[in-house]
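In what follows, a single structure is set out as structure tokens and then discussed.
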Amino acid sequence: MLFLKKVDMGSRLGFLRQAGLGSAVVLAFILAMTAAQAEAGSVSLDLFAPKSGDVAGVESRAFLVDLVARFDGDLPSTGASPELTGPGSHQNVPPFPGMFGPGANRDYFPGLVVLLSSTLIGAGPGQNVANLFNIVAVTNRTEEETEIWATWIVGAKNAFGREGEETPSRLFVAVVEGVAPDVVEDRDGNGVYDEKDLRLMGIDVISNIRKVDFVVNGN
């Protein structure tokens with residue numbers, strides 16, 4: 001292990017192959033290393049809503065996703081900027097106009113990835129819904145750190161749960177380098193869309209990961 005610490009990733013992979021280890025072991029090593037790098041990454045994520053075990057919303061809507069991302073660096077380095085938006089007449093109007101719809105929030109929080117396992121719109125559970133967030137704000141800003149707050153209140157019925165039912169859901173949140181994908185692909189084929197799939201898509205995860213299991217209340 002001391003030897004592995006002294007060499008770069010390419011040398012480590014070469015060492016593993018020379019040792020006769022199979023591709024599955026090498027892949028597991030890559031995922032473990034990139035996971036460790038992400039945990040020590042440049043963005044710290046906190047999630048305030050929903051909480052684990054919450055039964056959230058009314059008639060499958062009116063639940064909240066509320067998070068903050070603390071970046072090591074100044075505001076321009078985050079790629080984020082203030083936004084206040086929503087569906088219909090709320091979209092793209094002052095004072096902080098922004099578009100609204102499924103996919104990455106390219107203009108105001110480009111690295112954000114938000115997935116809900118119960119998603120019934122777009123590409124389903126792999127659909128990035130970061131561009132449905134209503135508010136992006138700068139809540140703390142120093143020379144060393146920038147804090148970006150993002151909030152989404154779900155307004156559409158039967159988009160992430162079904163009216164009249166209680167729908168279990170898992171929320172996944174991460175920040176990636178550059179612009180996030182509109183859709184996360186299930187690259188490892190296990191039916192779960194998460195950071196492993198992002199890495200297998202060649203996307204660098206630069207934050208810790210937040211996952212919360214809760215229930216979308218359809219009543």
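Hey, what did segment 179-219 get for relative contact order, percent, Cα under 8 Å, at least 6 apart?
Answer for segment 179-219 is 25 percent.
Between A156 and D46, take the C-beta separation as r, use R0 = 41 Å, and let me know the FRET efficiency to the nearest 0.05.
0.95
Take the Cβ-Cβ distance between E145 and V192 as r, set R0 to 30 Å, and report the resulting FRET efficiency rounded to the nearest 0.05.
The computed FRET efficiency comes out at 0.40.
Per-residue counts of other Cβ atoms within 10 Å, averaged by peptide: what ranking do you get for 168-175, 197-204, highest first?
In descending order of packing, they fall as 168-175, 197-204.
Using a cut-off of under 14 Å, list every residue of segment 111-145 whose amide N is near the label point 7 Å from the Cα of K211 along the Cα-to-beta-carbon line.
115-118
For segment 42-217, report the translational diffusion coefficient in µm²/s to the nearest whole number, using Stokes-Einstein at 20 °C, 1.002 mPa s, and a Kirkwood Rh over Cα pairs.
133
Each value in this text was obtained by applying a stated rule to the coordinates, not by laboratory testing. The structure displayed is predicted, hence computed values, not measured ones. Quick reminder, even Gly has a Cβ in these numbers, built from the backbone with ideal geometry, and neighbours come from all protein chains shown.
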